[in-house]
Amino acid sequence: MLTDVSERIEQAETRGERKERTRQALLEGTLALAAERGFAALSLREVARSAGIVPTAFYRHFGSLDELGTTLVDEGVRQLRLALRDLRRTPDARLAETVRFVFTQIAGRDALYGFLIRERHGGSAALRSAIAIEMQLITRELVVDLSRLRALDSWSPEDLELAADLIVSTVASHIADYVAALPRERPELVERTVRQVRLIALGMAQWRSTPSR
């Protein structure tokens, strides 16, 4: 009896591991195919073929191609947002360290972040929307952080949002450069991003905020 139970557990674990491997193969196959001609041009059949499964087996893992695509958004932008949220809980987290932290999260994941950069303005409305929502959430959470700074007590919500959007847009732009750069060029790109964000912070210190009309 115990042997039978043990064998069933082992078989279940093997099935679970096999399912996870197939799911990962679908994600990786999608990244490879989308790099050639964009996510919107892909068919479910060729994505399934890239993972070595028949099209009907695709639905054991994802409800649609759009669901697969938004899973990639979750694994990239959403996980980065949550990692930044955890970092903010660290006492005395500094601006420069936060910017560098972003790039440590991206390092080694060129295919994923290259995909997200392209699809941010790509042909799939579902992916554009999913990425835009996550970017907006990152900006809003930065607005909350900025509002807690004593030096910005007098700032209007509108100006706080403008500043947060400028910082997020600057870092996002350099993420695109980072993914496209050669490995030897990347450290300088990170430090350039740090300097630009510091310049934004210096400008913020001189800004006199007034409520929008």
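Structure notes:
- Residue check for R85: open to solvent by 20 Å² or more (accessible area, probe 1.4 Å), part of a helix (DSSP H, G or I) and either closer than 26 Å to E185 by Cα or modelled with pLDDT of 95 or more (or both): no
- Annotation: of all residues in the stretch 35-73 being of a type in the set (D, E) and touching a helix residue (DSSP H, G or I) at 6+ places or on another chain (Cβ under 8 Å), the one that is surrounded by the fewest Cβ atoms within 10 Å (Cβ to Cβ) is E46.
- Any hit, the stretch 99-108, residues being in a helix (DSSP H, G or I) and open to solvent by 80 Å² or more (accessible area, probe 1.4 Å): yes
- Verdict on R150 being farther than 17 Å from A96 by Cβ and either of a type in the set (G, A, S) or open to solvent by 60 Å² or more (accessible area, probe 1.4 Å) (or both): yes
The values are calculated or read from the model by the stated rules, or taken from the named source; none is laboratory data. Only a predicted model underlies this, so the values are computations on that prediction, with no experimental measurement involved. Ideal geometry is used to build each Cβ from the backbone, glycine not excepted, and the neighbour counts take in all protein chains shown. In case anyone asks, the SASA skips ligands and DNA or RNA and just uses the protein heavy atoms, side chains included. Shrake-Rupley method; radii C 1.70, N 1.55, O 1.52, S 1.80 Å.
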